[in-house]
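Worksheet: the structure to be examined is printed underneath.
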Amino acid sequence: MASVTSAIEGSEQEAVGDALVLEIPGDAAHLSTARLFAAAVGRHFGVDESAIDDVKLGVSEAVTTAVDDPDRAGPPTIVVRRVDDGTLWFEVRWRRGDGGDLEASMSLQVVRGLFETATLSVEGDGETRIRFGLTNPDSNVPG
Amino acid sequence: MQDPWAIVALGGELDAHTAPRLREQLSGLLDEGRYHIIIEAERVEFMDSTGLGVLVGARKRATEHEGALAIVCTRPNIVRLLDITGLDKVFPVFPSLDQALAS
């Protein structure tokens with residue numbers, strides 16, 4: 001069962017208001033839930049309708065990367081927050097053990113193709129994040 | 001005489017959850033020797049790289065037997081996915097079934 005929470009997330013950049021967070025089971029059956037969440041939160045933050053499809057695809061591909069990760073050690077969590085420069089960040093996090101490189105993931109390549117701001121980071125403790133930001137969420141140009 | 005083109009009409013969402021069903025269906029067609037396939041995707045509301053991967057796999061099998069796999073679609077989100085992945089240069093994409101059949 002997916003759970004939705006609202007939380008203030010720490011970041012190098014100051015979050016403006018609460019972040020919206022959705023944790024979903026690590027199962028492809030919940031990809032549609034992830035997309036519904038991404039679209040709803042995008043609209044909540046004023047993302048232009050013409051960019052909503054890109055947001056849905058970006059989040060769906062990022063969650064797919066997590067679900068398909070053979071070294072995944074925890075459920076994927078989607079975190080969305082706006083920071084003080086106006087950028088709206090979408091982030092998919094999960095924990096992974098020591099394992100293979102995620103760079104070959106086709107899903108990751110699609111996220112990068114959609115958003116110039118897309119990054120993948122894997123911390124020493126296994127915390128893994130794919131994030132992308134929309135610098136002008138209310139325009140139709142993905143960041 | 002059998003129609004040379006097998007037309008597969010898709011709808012709904014094509015992602016990592018639903019793609020295995022499409023893979024199974026296309027494999028069935030290819031196993032029957034149907035190597036000319038048209039994917040009618042105008043009613044597909046969402047497609048991701050996993051769905052596209054299924055089409056790539058089917059196309060590979062089809063072309064190994066001198067067949068082809070074409071896509072009928074004008075939906076901007078799917079056309080964009082094909083563009084981002086560079087697969088718009090791999091798949092023949094047509095705006096209508098009639099145009100695909102006439103090709």
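Scan segment A:93-112 for residues that are of a type outside the set (Asp, Glu), without any contact (Cβ under 8 Å) to a residue 60 or more places away in the chain and either assigned to a loop (DSSP other than H, G, I, E, B) or more than 14 Å from every other protein chain (Cβ to nearest Cβ) (or both) and jot them down.
Initially, segment A:93-112 is screened for residues of a type outside the set (Asp, Glu), giving A:93-97, A:99-100, A:102, A:104-112.
After this cut, where a residue has to be without any contact (Cβ under 8 Å) to a residue 60 or more places away in the chain as well, the list is A:93, A:95-97, A:99-100, A:102, A:104-112.
Hits for segment A:93-112 are A:Arg93, A:Arg95, A:Arg96, A:Gly97, A:Gly99, A:Gly100, A:Leu102, A:Ala104, A:Ser105.
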Some residue of segment A:116-126 being modelled with pLDDT under 95, in a loop (DSSP other than H, G, I, E, B) and buried (at least 20 other Cβ atoms within 10 Å of the Cβ) = no
List every residue pair whose Cβ atoms sit under 9 Å apart, with the two residues 6 or more apart in sequence or on different chains, where the first one lies in segment B:38-57 and is more than 10 Å from chain A (Cβ to nearest Cβ) and surrounded by 21 or more Cβ atoms within 10 Å (Cβ to Cβ) and the second, anywhere, is outside any strand (DSSP E or B) and of a type in the set (Phe, Trp, Tyr).
-> B:Ile38/B:Trp5; B:Ile39/B:Phe91; B:Leu55/B:Phe91
On the given criteria, is A:Ile130 in contact with a strand residue (DSSP E or B) (Cβ under 8 Å, 6 or more places away or on another chain), within 30 Å of B:Pro20 (Cα to Cα), within 14 Å of another protein chain (Cβ to nearest Cβ) and part of a strand (DSSP E or B)?
-> yes
Which members of segment A:75-92 meet the condition of being assigned to a loop (DSSP other than H, G, I, E, B) and at negative phi?
-> A:Pro75, A:Pro76, A:Asp84, A:Asp85, A:Thr87
Determine whether segment A:64-76 contains at least one residue that is of a type in the set (A, V, I, L, M) and farther than 25 Å from B:Leu81 by Cβ.
-> yes
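Quick test for you: out of A:Ala62, A:Ala66, pick the one residue that is under 10 Å from the mean Cα position of the chain (by Cα) and crowded, with 20+ Cβ neighbours inside 10 Å.
A:Ala62 is the lone residue from the list that is under 10 Å from the mean Cα position of the chain (by Cα) and crowded, with 20+ Cβ neighbours inside 10 Å.
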Which members of segment B:42-85 meet the condition of being of a type in the set (A, V, I, L, M) and more than 13 Å from the chain's Cα centre (by Cα)?
-> B:Leu81, B:Ile84
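The values are calculated or read from the model by the stated rules, or taken from the named source; none is laboratory data. Owing to the predicted nature of the structure, the values given are computational and were not obtained by experimental measurement. Cβ sites come from the backbone with ideal geometry, for glycine too, and all protein chains shown count toward neighbours.
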